[in-house]
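Undergrad: Here it is, the structure, as structure tokens.
Here, each number is a calculation from the coordinates, and none is a lab measurement. Predicted model only: the values in this text are computed from it and were never measured. FYI the Cβ positions are ideal-geometry reconstructions off the backbone, even for glycines, and counts take in every protein chain you see.
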Amino acid sequence: MPIASPIWHPFTQHALQKVLPKVVSGKGSLLTLADGREVIDAISSWWVNIHGHGNEKIAKAIYEQALVLEHVLFAGLTHEPAEELARLLTGEQDKSLTKLFFSDNGSTAVEVALKMAYQYHWNLGELNRHVFIAFEGAYHGDTVGAMSVGGHSLFSEPFTDLLFKVRRVPFPLTADSEESALAALAEALRDDVAGVIVEPLIQGASGMRFCSESFLAKFSKLVKMSGVPLIFDEVMTGFGRTGEWFAYQKIGVAPDLLCLSKGITGGFLPLAVTLTTDKIYDAFLSLDRKKTFYHSHSYTANPLACAAAVASFKLLKENESLFKQMEMRHLKRIELWKQSPHLKNCRIKGTIAAAEVVQGADHYLNPIGAVLGEKLLNRGVLMRPLGNTVYILPPYCITDNELDQVYKAVAESI
Ligand SMILES: *Cc1c(COP(=O)(O)O)cnc(C)c1O
């Protein structure tokens with residue numbers, strides 16, 4: 001009998017899942033389990049891994065940085081790995097996104113954006129703006145502020161009374177629901193609004209739900225016209241996932257605040273950034289110290305994480321074609337899913353392919369996901385369906401052969 005572990009795992013019901021497979025190593029798209037099995041990481045270890053596991057350039061960058069400076073506080077001090085990363089990241093952005101604030105995960109990148117948008121108005125003396133607008137079905141992280149702007153779900157249900165008030169707009173999955181979503185936004189944009197937060201083009205955690213580029217462009221222009229800060233949470237969509245470096249580039253409208261994390265270090269170390277404009281940054285410049293942005297985490301801009309992110313950025317720059325071509329590679333294979341009577345809504349956006357299993361309800365608690373996940377693991381593919389939504393979100397280094405295996409494993413397992 002294995003000894004019970006003292007670890008309480010995330011998003012894990014330990015009453016149902018008593019023994020967790022142990023991972024001992026990873027290389028490229030493959031993970032090796034303690035029992036010797038190799039499995040394809042078809043979901044990039046929850047969307048963080050972009051170049052594959054065990055990338056030597058990133059590993060080396062971390063090692064070399066660790067020999068020089070492992071960490072130092074970031075309030076009142078700076079260091080070159082952070083400066084270099086900030087230059088690279090702002091350089092890749094719309095000219096308007098000139099300033100960058102560090103934190104260490106996607107939820108905190110969102111908290112920072114929300115607090116910046118909120119305090120922006122406060123600093124300007126607009127004290128009536130205290131409501132955020134967000135989409136139904138959104139997911140922005142698991143800390144309390146991020147949960148508040150996330151859609152109501154079973155994740156947040158016990159905390160309902162704790163969450164701050166948010167005005168919701170429907171997320172249009174089809175063209176015929178776009179007009180009413182825009183009308184709902186126009187109605188919601190009252191003079192008490194502090195900011196609008198969006199997962200651009202793809203709602204990830206709520207089931208890889210896509211909206212159209214033209215809708216998001218119209219939506220974003222409406223927000224921009226109102227003067228209210230527009231926050232794009234690109235924690236998942238950033239770094240190539242939609243086929244462009246950033247999803248907002250596909251719609252041609254830049255947000256006022258941009259949250260990035262997940263892929264930022266290539267999946268090596270926790271790091272996040274919130275980018276913003278001179279306009280928002282300038283509202284915090286004052287001789288009045290109350291207007292300072294008083295937000296920090298102990299490991300803000302950790303040099304090792306920044307060094308990993310610099311190395312990952314350069315790799316991605318050299319290998320842009322990998323994420324740009326992924327959509328074509330999915331297109332060639334998704335026929336296999338479309339032919340299955342057990343799958344519906346087969347869809348692709350950039351590097352992501354998704355579909356719903358026909359059986360049961362379209363819901364996160366649909367047990368089919370967990371059953372399927374286990375079956376797939378036994379067939380050598382690591383996936384974690386979101387309820388009855390199966391999706392492939394692979395590291396960009398995945399080989400044709402591996403991608404074939406993933407599609408086949410899903411089609412045959414259901
Ligand atoms: C994962 C995710 C987050 C939260 O990031 P964590 O690093 O898990 O805190 C926020 N927003 C989006 C869109 C995400 O996909």
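Undergrad: Shape of the stretch 151-294 from its Cα gyration tensor (a ≥ b ≥ c, root eigenvalues): rounded if a/c is under 1.5, otherwise prolate when a/b > b/c, or oblate?
TA: In terms of gyration-tensor shape, rounded.
Undergrad: A follow-up question, please. Counting Lys +1, Arg +1, Asp -1, Glu -1, what net charge surrounds GLY263 among other residues with beta carbon under 12 Å of its beta carbon?
TA: +1
Undergrad: Moving on. If the reach is capped at under 24 angstrom between alpha carbons, list the lysines near LYS18, excluding any in the same chain fewer than eight residues apart.
TA: Excluding near neighbours in sequence, the set is LYS375.
Undergrad: For the chain, give me the percentage of DSSP beta bridges that are antiparallel, rounded to the nearest 5 percent.
TA: 65
Undergrad: Let me spell out the model: positive unit charges on the Cβ of Lys and Arg, negative unit charges on the Cβ of Asp and Glu, origin at the Cα centre of the stretch 252-401. What dipole size does that give, in debye rounded to 20?
TA: The calculation lands at about 180 debye.
Undergrad: Same structure again: Under the √(5λ) rule applied to the eigenvalues of the Cα gyration tensor, what semi-axes describe the equivalent ellipsoid of the stretch 132-192? Give them in Å, descending.
TA: In descending order the semi-axes read 23, 14, 8 Å.
Undergrad: Using a/c under 1.5 as the rounded threshold, could you call the stretch 287-333 rounded, prolate or oblate? The axes a ≥ b ≥ c are square roots of the C-alpha gyration tensor eigenvalues, and prolate needs a/b larger than b/c, oblate otherwise.
TA: Prolate shape, in that a/c is at least 1.5 and a/b is the bigger ratio.
Undergrad: While we're looking at this one, here's another question. Which shape class, rounded, prolate or oblate, goes with the stretch 1-117 when its Cα gyration tensor gives a ≥ b ≥ c as root eigenvalues, a/c under 1.5 marks rounded, and past that a/b bigger than b/c marks prolate?
TA: The shape class here is prolate.
Undergrad: Pairs of Cα atoms under 8 Å, at least six residues apart: use those to get the relative contact order of the stretch 134-261, whole percent.
TA: Computed over the stretch 134-261, the figure is 21 percent.
Undergrad: Continuing with the same structure: Can you pull out the chymotrypsin sites (Phe, Trp or Tyr not before Pro) in the stretch 125-183 that DSSP calls coil and that have at most 16 other Cβ atoms within 10 Å?
TA: PHE155, PHE164
Undergrad: Which of VAL169, VAL110 comes first, and how do the rest follow, when ranked by fewest Cβ neighbours within 10 Å?
TA: VAL169, VAL110
Undergrad: While we're looking at this one, here's another question. Charges only on Cβ, +1 for Lys and Arg, -1 for Asp and Glu: so what's the dipole of the chain about the Cα centre, in debye to the nearest 20?
TA: Using only the charged Cβ atoms, the result is roughly 260 debye.
Undergrad: For each pair in LYS291/LYS349; LYS165/LYS317; LYS99/LYS314, compute the distance between the two Cα atoms and list the pairs where it is over 31 Å.
TA: Among LYS291/LYS349; LYS165/LYS317; LYS99/LYS314, the Cα-Cα distance tops 31 Å for LYS291/LYS349; LYS165/LYS317.
Undergrad: With point charges of +1 on the Cβ of Lys and Arg and -1 on the Cβ of Asp and Glu, referenced to the Cα centre of the chain, which listed residue (LEU163, ALA175, VAL72) lies farthest in the positive direction of the dipole?
TA: ALA175
Undergrad: Could you pull out the chymotrypsin sites (Phe, Trp or Tyr not before Pro) across the stretch 261-319 that fall in loop regions by DSSP (anything but H, G, I, E, B) with no more than 10 other Cβ atoms inside 10 Å?
TA: Taking the stretch 261-319 and a limit of 10 other Cβ atoms within 10 Å, the loop chymotrypsin sites (Phe, Trp or Tyr not before Pro) found are TYR294.
Undergrad: In whole Å, how far is the Cα centre of the stretch 161-191 from that of the stretch 237-261?
TA: Measuring centre to centre over Cα atoms gives 21 Å.
Undergrad: Still on this structure, I have one more. What 222 nm value per residue comes from the helices of the chain, counting each DSSP H run with n ≥ 4 as -39,500 (n - 2.57) and dividing by all residues, nearest 500 deg cm²/dmol?
TA: -10500 deg cm²/dmol, from helical runs alone.
Undergrad: I need ASP404, ASP176, ASP233 ordered by Cβ neighbour count within 10 Å, fewest first.
TA: Result, fewest neighbours first: ASP176, ASP404, ASP233.
Undergrad: Here's a follow-up. How about the stretch 36-109: which chymotrypsin sites (Phe, Trp or Tyr not before Pro) there lie in a loop by DSSP and see at most 12 other Cβ atoms within 10 Å?
TA: In loop regions of the stretch 36-109 (DSSP not H, G, I, E or B), there are no sparsely surrounded chymotrypsin sites (Phe, Trp or Tyr not before Pro).
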